[in-house]
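Taken together, the values in this text are just the output of simple stated rules run on the coordinates, not laboratory data. This is a predicted model, so every value here is computed, not measured. Here Cβ is always computed from backbone atoms with ideal geometry, including for glycine, and neighbour counts include all displayed protein chains.
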Amino acid sequence: MLTTKHVFGKLVSVEIKFSRHAKRRLQLYKIPTGIIIEVLEEKELASGNQAIVKNVEGFKYPLKIVLAIENDIITVITSYPLKKGRK
């Protein structure tokens with residue numbers, strides 16, 4: 001899946017990949033991939049591993065998205081709703 005994104009202050013084309021684990025978590029928690037992509041498009045991202053916590057409409061708890069960025073490829077490692085009391 002290709003998208004354009006601001007990385008290091010430049011508009012670049014990046015590829016978004018989902019690990020097998022991430023695909024299973026998205027299916028388990030009924031999280032549409034479109035929501036993950038929207039959250040990633042809103043953020044300024046730098047290389048390396050990162051975690052994003054964001055309140056998303058339609059979910060009782062905030063979503064946590066863990067990803068790795070390397071060579072204009074964003075790999076979503078996992079994503080899940082945070083449990084009550086953890087923020």
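Descriptive notes on the structure:
- Burial ranking of peptide ranges 27-37, 47-57 (average Cβ count within 10 Å, highest at the top): 27-37, 47-57
- At full extension, Ala51 and Ser13 could sit 11.6 nm farther apart than now, given 0.36 nm per residue minus the alpha carbon distance.
- Ranking Thr75, Ile52, Pro62 by how far each Cα lies toward the positive end of the dipole of the range 46-87 (charges on Cβ) leaves Pro62 at the top.
- Ordered from longest to shortest, the equivalent ellipsoid semi-axes for the range 2-81 are 21, 13, 11 Å, each the square root of 5 times a Cα gyration tensor eigenvalue.
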